[in-house]
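Undergrad: Take this structure first; my questions come after.
The values are calculated or read from the model by the stated rules, or taken from the named source; none is laboratory data. Computed from a predicted model, the values in this text were never measured in an experiment. Reconstructed Cβ throughout: ideal geometry from the backbone, glycine too, with neighbour counts over all protein chains shown.
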Amino acid sequence: MSVSIPYVRDLEFEYGRTTQISGDIRRVIANNPSAFTLYGTGTYILGQGEVAVVDPGPADTTHIDAILEATRGEKITHILVTHTHMDHSPGCALLTEYCDAETYAYGPHGSGKLEQGVVVEEGGDTDFRPDNEIR
């Protein structure tokens, strides 16, 4: 028996506005719609008071301002990056100008388990270097 999981494209949101996903999870979507991001990169804010930001998104000051507005009165303690595509990690450089949080990621772009010289795709953030590498 095979189960088909539908790809749901319906999403209620407004660029620059925070959506409460659950008690301790909020989302802000960057205005960078594409075939890769669908409506835009989802940046997640975890916790309350002292929070972690997951995937700060592109180097877009409007999006970073939306993250800062969503966390007004709170302290960003960690910035987590799931991968180093241009729609996920470049916002780290802008966000860390406004908070004293360290960044956490697997490593710089291309530090995964690929054979030397294998090119997977374009659009990697080759400038990103996490403060802390998670292995």
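Undergrad: Which of the residues that make up region 1-43 are in contact (Cβ under 8 Å) with a residue 24 or more places away in the chain, touching a Gly at 6+ places or on another chain (Cβ under 9 Å) and assigned to a strand (DSSP E or B)?
TA: Passing the criteria: VAL28, SER34, THR43.
Undergrad: Sticking with this one: Take the residues in region 1-42 that are exposed (fewer than 10 other Cβ atoms within 10 Å of the Cβ) and of a type in the set (Gly, Ala, Ser); name whichever of them is modelled with the lowest pLDDT.
TA: Across region 1-42, the extreme among qualifying residues is SER2.
Undergrad: Moving to a separate point now. Scan GLU115, GLU122, GLU69 and give me the residue that is modelled with pLDDT of 95 or more and not in a strand (DSSP E or B). Steps first, answer last, please.
TA: Working: GLU115 fails: modelled with pLDDT of 95 or more; GLU122 fails: modelled with pLDDT of 95 or more.
Only one candidate qualifies: GLU69.
Undergrad: Does ASP55 meet the test of being closer than 30 Å to THR126 by Cβ and charged (D, E, K, R)?
TA: Details: closer than 30 Å to THR126 by Cβ: yes; charged (D, E, K, R): yes.
Answer is yes for this residue.
Undergrad: Next question, about the same structure. How many residues does region 47-66 hold that are surrounded by 17 or more Cβ atoms within 10 Å (Cβ to Cβ) and assigned to a strand (DSSP E or B)?
TA: Count: 3.
Undergrad: List pairs: first residue in region 63-84 and under 10 Å from ALA52 (Cα atoms), second residue small (Gly, Ala, Ser) and assigned to a helix (DSSP H, G or I) anywhere in the structure, Cβ distance under 9 angstrom, at least six positions apart or on different chains.
TA: ILE79/GLY91
Undergrad: Test each condition in (1) buried (at least 21 other Cβ atoms within 10 Å of the Cβ); (2) outside any loop (DSSP other than H, G, I, E, B); (3) of a type in the set (S, T, N, Q) for SER89 and report the one that comes out false.
TA: The one condition SER89 does not meet is (2).
Undergrad: HIS63 fails exactly one of the following numbered conditions: (1) under 20 Å from PHE36 (Cβ atoms); (2) modelled with pLDDT under 95. What is the number of that condition?
TA: Going through (1) under 20 Å from PHE36 (Cβ atoms); (2) modelled with pLDDT under 95 one by one, HIS63 breaks only (2).
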